[in-house]
1. With runs of 4+ DSSP H residues as the only contributors, calculate the mean residue ellipticity of chain A at 222 nm using -39,500 (n - 2.57) per run, divided by the residue total and rounded to the nearest 500.
2. Return the inverse of the average 1/r over all pairs of distinct C-alpha atoms in the stretch B:113-156, which is the Kirkwood hydrodynamic radius, in Å to one decimal.
3. With +1 on the Cβ of every Lys and Arg and -1 on the Cβ of every Asp and Glu, and nothing else charged, how large is the dipole of the stretch B:56-146 about its Cα centre, in debye rounded to the nearest 20?
4. Evaluate peptide A:55-64: per residue, the Cβ atoms of other protein chains within 10 Å of its Cβ; return the mean as an integer.
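No lab work stands behind these numbers, since they all come straight from the coordinates. Because the structure is predicted, anything quoted here is derived from the model rather than measured. Cβ placement follows ideal geometry from the backbone for every residue including glycine, while neighbour counts extend to all protein chains displayed.
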Amino acid sequence: MANEKRKKLTPVQQEYHLFEKERETKRPIVRNCACAFLVGGTICAIGQAISYFYMYFFDFTEQTAGNPTVATMVFLSMILTGLGVYDRIAQFAGAGSAVPVTGFGNAVISAAIEHRTEGFVLGVGSNMFKLAGSVILFGTFAAFVIALVKTVATQWGGL
Amino acid sequence: MKRWWLAAVAVWLAASGCAKEETEQKQSLQGADWMRAQTFGTAKGAVLDQGPAERAVASLRQRDDVREVVAVNSGERLLVAYQIPHLKRWKRKKIEKEIAERLRAMFPGYDVVSSSDLKIFWKTKDLKTKMEKKRWDERDLQREIGRIEKLSKEQT
């Protein structure tokens with residue numbers, strides 16, 4: 001807790017805060033980072049292999065192979081989520097499985113599975129993008145901001 | 001048990017990450033093993049004059065930001081494909097621009113197509129190998145170069 005906020009706490013609350021701090025389980029940050037790095041890296045390596053596959057067997061270039069690769073990765077993660085495998089990977093890897101594009105597929109399907117009992121229209125249909133919606137919204141917004149920065153930098157910044 | 005597994009994966013990833021680029025390339029390709037085959041540059045065995053292509057290859061090979069080059073020419077068309085070393089890919093756009101300008105200056109009367117795309121490199125290398133194996137007439141070669149050029153310009 002920030003020091004500013006702590007000053008506003010009553011003595012009892014401060015005492016409780018210290019009591020809690022001493023006893024709470026420490027997060028294994030280094031281990032979590034290592035797991036995320038390894039699993040995230042493995043997912044990226046699989047993505048690279050799929051990209052090479054599309055380039056080798058089809059007429060995709062390095063530039064155009066990205067689209068089918070992303071589609072395949074999302075599709076695979078959706079299948080794995082449906083089979084309950086991706087959840088186990090996510091428990092172990094944390095951000096390593098959520099940050100790559102496969103995390104998007106997982107977010108869509110896990111929400112769909114969760115709300116299946118509420119019906120297809122009001123359950124699956126309206127809740128499917130509950131988690132992934134923010135990814136789409138902020139992804140689009142971030143792309144817009146970056147495009148704006150690039151336009152300004154190239155048009156007037158002389159880059 | 002879990003720790004052992006984690007340690008084994010970490011060691012394997014670290015070892016494979018430290019591998020030399022050439023070894024990685026050998027592993028990344030199937031069957032034909034494109035990258036393993038040395039790039040001699042141009043189709044010397046071909047009957048068609050490959051002088052401009054040879055000059056382009058010789059010129060680009062002097063650059064340290066170009067790893068492998070392969071070139072083919074036919075009529076007024078010159079197709080040059082090259083590979084940029086992995087860590088120099090940060091400046092890929094700049095290198096591509098410099099090379100395109102240099103080649104255009106070297107071959108003013110030619111329609112020069114240059115690309116650092118791996119697929120274009122494979123296709124050009126494949127074309128060069130085919131040219132060494134059998135006789136090609138100018139029209140077939142033009143058509144094949146046209147196909148690769150079209151592929152290199154594809155955006156989606």
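1. Calculated mean residue ellipticity at 222 nm is -23500 deg cm²/dmol.
2. Kirkwood hydrodynamic radius for the stretch B:113-156: 11.0 Å.
3. 360 debye
4. 6
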